[in-house]
Every structure is written in C-alpha cells, then in structure tokens.
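Notes follow the structure.
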Amino acid sequence: MKYLEEFRDPALARGLLDDIRATVTRPWALMEVCGGQTHTIIRHGIDQLLPEGVELIHGPGCPVCVTPLEVIDKALEIASRPGVVFCSFGDMLRVPGSDRDLFRVRGEGGDVRVVYSPLDALRIARENPDKEVVFFGIGFETTAPPNAMTVHQARKHGIRNFSMLVSHVRVPPAIEAVMTSPDCRVQGFLAAGHVCSVMGTAEYPDLAERHRVPIVVTGFEPLDILEGIRRTVRQLERGEASVDNAYPRAVRPEGNPAARAMLEDVFEVTDRAWRGIGVIPLSGWRLSERYRDQDAEHRFSVDGITTKEPAECRSGEILQGLLKPNECAAFGTRCTPRTPLGATMVSSEGACAAYYLYRRLGAPAAAPLEANPVG
Ligand code: SF4
C-alpha cells in the first residue's frame, strides 16, 4: 500500500471485520488511547460495525482535553499582561478556563496569536525584542520534540525574550493509571502509533506483562484501526498479553533517537495533573533545571491560582472511559462546539467534539460500509 485511500478501502475493511467476527467468542472492552483514533472510529462508524460485545472505550489521548485547568488559567494570566505576545495553536483559544478563554483575553486587548509551529513563536520573538513572547507548549510525546527543539534554538541563538508555558504529558503513565483505577474495564489497548514513532515501544512490555493486557501499536486510518482491533482480540482470545506493532510503516522499536535525545536534553519527567483526572505520577515533562529561565511559569511567577471546574461537565469520566459523551446531560444542549463547557467539546481530538461532529446525538447508527464507504 502506498496511498492514503488504500487504508480506507471498503473491501479490505470488510475482510478485517469478517476476521474479527470469526475470532471473537465473547465480549471484550478495548481502549483506543489517542483522540485522533477516536475521531476515525466515530467518523467511520467502526464501533458500530464490530461484533456485539466488542466495545471501544475512548481514552485520554487528547492533548487539549487533558491540559489542566490550572495551566489554562496560568496561560490566561500571562496572556493578559502588558508587553506579552502569547502564542498558541488555535485549539487552545476556545478551551474554557475558570472564567474565560484566550479569545476573551484577546477581545479585552491581550496580544494572543495563533501559530502553526513553535518556530513561528520564536520568529515573533526575534522580530519583537521589546516584547516577551510566550509559546503554549502542550501535548504528548508527539508535540514535545519540536517544542524542545524550539527552546534549544532560543538558547542557542540568545533569544532571551522567548519562554514556554509547558504542560506536556506522557502516555505510559496514563495507561498505568487506567489499569490501576478501581473502575477499570479495559482489557486491551490500541496504543497511539505517532507517540510510538517518537518513543519506540520499549516502555510497553512491562505494562502489558504486569497488567496482563495486550497493547497493540495502532495507526489512524480505518484499516489501521481495524487491524489493531483484530490483533488485540486475537491476543485476548488466546489468553496472550504482549506488545505488538501493527503500525510498522511508521514505528520502529527504538522510535526516533534524535527526537528522544532532544527531549532528554530539554525536559525532565515530573508528576502532572490531567484535567478531569487528577495527578498521575511521573506523567509529564517540564523544562529541566538548565532551561528554567525559559520556563514561563518561572519567568512570570504565576503561582497561587485557584481553579473551579464547571460541575456540569463530566469530561473527567469521559477521559477515563467511564462515560460516553452522549451520556452527559449537557451534551448537544448546554454544551456544543459553539458553547463548550469542557475541553473535550473544543478540541479537534476531543471525544465530545467527535460525537457532536459525527451525529452521535442519539441518532441512528452509521450506515454500513456498503452505503457509506470509509473515507
Ligand atoms: S458534553 Fe460538554 S459538558 Fe458534557 S462532558 Fe463533554 S465537554 Fe463536558
């Protein structure tokens, strides 16, 4: 296969589904870790095509969704200060903080800019030496390397008016947290292929072995997802629990050594709070001591912030796979992409946004593959 559409081929999808149906003899609950995988599943109705009893639980792998409210409020505080240019990817502008969002700050006169790369923010810093330029560095192991490289470049070129507000998170500790939760129903994982393309697979065998849970590295197209499910249920039916790479076109066991070296140079592992979930030990990265002067939290002394989540929003349960978005009472009524109560309704990788976008409003099931070809 060379082209993207081949990973959406209906005939091949039917073959994989037939294989899954022939393999499954009892119910299984699998978690797709990444929000990008959730969107593929909901968009193509993959969950509705699986044999009865095979359930897909949507995991916490949406970077915007898990960025803690406290960090959002720190971003709002920094962005409101005079002389600051606050740069962020567009998704973050509409994420609700305790009492406003970055759009509101911009409307009130703050210099908040959407950028498409952290290097854009570095360029803005170079061009505006009289301003303090801050980049909002969030996300998983996928966005962390370019952010690390940007901090490294700023140091190398002596761009002293650039800093980063960092809230990076790591997948393996989140899997550990899911598996040790008393409410855990997950029996197998579709691991996030792009994360493994950076980090490799070495962190997963221990998790698979200790929790007796198959972990299959999975891509993002419909056939990738189906192949990941096929391999996971095959392991479960055989009583196996190992790590399997179903995304070899992008993932090598060692990952990307250059990216990992950059991460190790710039960041250090820390405990991190996940929005709606709480603190997960060793689940985050922060700037290491050597780069502390480029840490926006340190530079702007944004401490003492108290936060308040809207009681109505149940995104914490959604991020832990305990609730489906359309089971939230506010879904599609008080909470829509235009009037989001929680980050999971804002982000392009959020489960609530996926359910809203692809008509899971209690609407009829998606049409079968024949009538609604994948892709
Ligand atoms: S539908 Fe809205 S209120 Fe409900 S959990 Fe999702 S983001 Fe929160």
Q | Residues Asp73, Asp183, Asp265, sorted so that the one with the fewest Cβ neighbours within 10 Å comes first | A | Asp183, Asp265, Asp73
Q. Taking the chain as a Gaussian network, Cα atoms linked when under 10 Å apart, which of Ala29, Ala311, Ala208 shows the biggest mean-square fluctuation?
A. Ala311
Q: Calculate how steeply helix 171-180 sits against the longest principal axis of the alpha-carbon atoms of the chain, using the helix alpha-carbon long axis, and give the answer as 0 to 90 degrees to the nearest 10.
A: 60 degrees
(Q) If I build a Gaussian network model for the chain, linking alpha-carbon pairs within less than 10 angstrom, which residue out of Ser301, Ser242, Ser197 has the largest mean-square fluctuation? (A) Ser301
Q: Only loop residues by DSSP count here, and only those with at most 15 other Cβ atoms within 10 Å; note down the chymotrypsin sites (Phe, Trp or Tyr not before Pro) in region 1-77 that meet that.
A: Tyr3
Q.
Contact order normalised by length for region 315-357, with contacts defined as Cα pairs under 8 Å and 6 or more residues apart; what percent is it?
A. 32 percent
Q) Based on the inverse mean of 1/r over its pairs of different Cα atoms, what is the Kirkwood hydrodynamic radius of the chain, in Å? A) 21.4 Å
**Q.** Considering only the chain, percent of DSSP beta bridges that pair antiparallel, nearest 5
**A.** 20 percent
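Can you give the relative contact order of region 66-174 as a percent, counting alpha carbon pairs under 8 Å and 6+ residues apart?
Averaging sequence separation for qualifying contacts and normalising by length gives 27 percent for region 66-174.
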Q: Treat the count of other C-beta atoms within 10 Å as a stand-in for reagent exposure and order His58, His194, His44, His157 from fewest to most.
A: His157, His194, His44, His58
Q) If the chain between Thr306 and Arg81 were fully stretched, how many nm would it gain, using 0.36 nm times the residue separation less the Cα-Cα distance? A) 79.2 nm
Q) Once you charge only the Cβ atoms, +1 for Lys and Arg and -1 for Asp and Glu, what is the size of the charge dipole of the chain about its Cα centre, to the nearest 20 debye? A) 500 debye
Q: Spit out the partnerless Cys residues in the chain, using Cβ distances under 4.7 Å as the pairing rule.
A: Cys34, Cys87, Cys184, Cys196, Cys313, Cys328, Cys335, Cys352
Q | Which of Thr38, Thr270 has the fewest Cβ neighbours within 10 Å, and the rest in rising order | A | Thr270, Thr38
Q | Three-way shape label, region 191-252, alpha-carbon gyration tensor, a/c 1.5 | A | oblate
Q: List the relative contact order of the chain as a percent without decimals, with contacts defined as Cα pairs under 8 Å and 6+ residues apart.
A: 23 percent
(Q) Among Asp293, Asp303, Asp111, which one shows the highest mean-square fluctuation when the chain is modelled as a Gaussian network with alpha-carbon springs under 10 Å? (A) Asp303
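Readers should treat all values here as calculations from the given coordinates under stated rules, not as data from a laboratory. Please read all numbers here as calculations on a predicted model, not as lab measurements. When we count neighbours, we look across all protein chains shown, and the Cβ atoms used for this are built from the backbone with ideal geometry, even at glycine.
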